[in-house]
1. Residues in the range 99-113, backbone N under 20 Å from the label point at ILE55 (7 Å along the Cα-to-beta-carbon vector): list them, ranges by number please.
2. Could you report the chain's accessible area per residue, 1.4 Å probe, as an integer in Å²?
3. Rank-order 78-89, 39-50, 94-105 by packing density, defined as the average count of other C-beta atoms within 10 Å over each peptide's residues, highest first.
4. Note down the magnitude of the dipole of the chain about its Cα centre, charges +1 on Lys and Arg C-beta and -1 on Asp and Glu C-beta and zero elsewhere, to the nearest 20 debye.
Amino acid sequence: VQLQASGGGSVQAGGSLRLSCAASGRSVSRYGLGWSRQAPGKEREFVAAIGPTDIMTYYADSVKGRFTIARDNSKNMVYLQMNSLKPEDTAVYYCIAGRATARDMGDTPNIDFWGQGTLVTVSS
């Protein structure tokens, strides 16, 4: 599976951005899809995931209620709508895929594929 993320940029605190990720390869619809991020000087952390059937979602506590993940299996796309952005959301965001449920995507060993990152900068 190949993952191509887009949609990063600079925004002021309280603003919104939507990230998109185009997935390609065999049986993409069988994979859980999601997002991880890495802030400057910090370890990579899980953000959100959605299961193969797009019914189940799972979020990190730090983004719950502000971010929404969705997927369109007809287009092999996954999206991350980010609202009420905070400076601490500044990071490189990576699209991820794994043969796992949304909840299990929260554990790094269950992630099979990583896309290139897209930078999100939130200024105060």
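The values are calculated or read from the model by the stated rules, or taken from the named source; none is laboratory data. Here the structure is a predicted model, which is why all the values come from computation and not from measurement. Methodologically, a virtual Cβ is constructed for each residue, glycine included, from the backbone with ideal geometry; neighbour enumeration extends over all protein chains shown. Ligands, DNA and RNA are excluded from the accessible area calculation, which covers all protein heavy atoms including side chains. Shrake-Rupley method; radii C 1.70, N 1.55, O 1.52, S 1.80 Å.
1. From the range 99-113, the list is 99-106.
2. Values: 6270 Å² over 124 residues.
That works out to 51 Å² for each residue.
3. Values: 78-89: 18.5, 39-50: 16.9, 94-105: 21.9.
The densest-packed peptide leads the list: 94-105, 78-89, 39-50.
4. Values: 13 positive and 10 negative charges, 46 e Å.
Magnitude of the dipole: close to 220 debye.
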